[in-house]
Ligand SMILES: [Zn+2]
Ligand SMILES: [Zn+2]
């Protein structure tokens, strides 16, 4: 569900958003720069940034793979963080996920399906499509919480 009021981030939330932003700079598709970390008990247990699946060619190398106005080559940062957990084993049930950008609908579904309890994000994703998507996000058990982009977060 969408939490309507944006939250002012606390000390730990600022740290995790900083980590997500750190990873975002390594994204290999320059149409966006997104990073994500998955947290349990104030510890990062998985992280990711947007890019081609491990071992395949990247947009930076070969150009974008455009279809219907989207670049479809990349695994999104949130999905890569979930994939990292799947590869190495920690359960992410009940965890928090921090992301620089609000998860798209495909990522949101996977986030809910993998048991993530709360998503904290900074920027809205395609707000012009919100009239359609809001009720779908509201139907998920995961809480989606926007963090206010304070001066501390921008440092
Ligand atoms: Zn691309
Ligand atoms: Zn996504």
TODO: Once you have a ≥ b ≥ c as the square roots of the Cα gyration tensor eigenvalues for segment 1-45, tell me rounded if a/c is under 1.5, and otherwise prolate or oblate according to whether a/b is larger than b/c.
DONE: oblate
- [ ] Give the Cα extents of segment 53-103 along the principal axes, in whole Å, largest first.
- [x] 36, 25, 16
- [ ] Subtract the Cα-Cα distance of residue 91 and residue 14 from 0.36 nm times their separation in residues, and report this length gain in nm to one decimal.
- [x] 25.4 nm
- [ ] Grab the beta carbon distance between residue 41 and residue 124, set R0 = 25 Å, and tell me the FRET efficiency rounded to 0.05.
- [x] 0.30
Open item on the list: Over the chain, what is the relative contact order in percent, taking alpha-carbon pairs closer than 8 angstrom and at least six residues apart?
Closed with: 28 percent
Task: Largest-first principal axis extents of the Cα set of the chain (Å) - done: 40, 36, 33
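Name the shape class, rounded, prolate or oblate, that the alpha-carbon gyration tensor gives for segment 103-148, where a ≥ b ≥ c are the square roots of its eigenvalues, rounded holds for a/c under 1.5, and otherwise prolate holds if a/b is larger than b/c and oblate otherwise.
Since a/c reaches 1.5 but b/c is at least a/b, the shape of segment 103-148 is classed as oblate.
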- [ ] Evaluate 2.2 N^0.38 Å with N set to the residue count of segment 64-155, then give the Cα radius of gyration divided by it.
- [x] 1.14
Task: Sorted peptide list for 65-78, 91-104, criterion being average Cβ within 10 angstrom, highest first - done: 91-104, 65-78
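Among the DSSP beta bridges whose two residues both lie in segment 1-134, what percent are antiparallel, rounded to the nearest 5?
Of those bridges, close to 70 percent are antiparallel.
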Task: the chain: calculated mean residue ellipticity at 222 nm from DSSP helix runs of at least 4, using -39500 (n - 2.57) - done: -9500 deg cm²/dmol
Task: Residues listed by number, segment 16-40, amide nitrogen under 18 Å from residue 56 label point at 7 Å toward C-beta - done: 27-32
- [ ] Determine the distance separating the Cα centre of segment 74-142 from the Cα centre of segment 4-22; give it in Å without decimals.
- [x] 15 Å
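Where a number appears in this text, it was derived from the coordinates with a stated rule and is not lab data. Since the model is a prediction, treat every value here as computed from it, not as a measurement. Methodologically, a virtual Cβ is constructed for each residue, glycine included, from the backbone with ideal geometry; neighbour enumeration extends over all protein chains shown.
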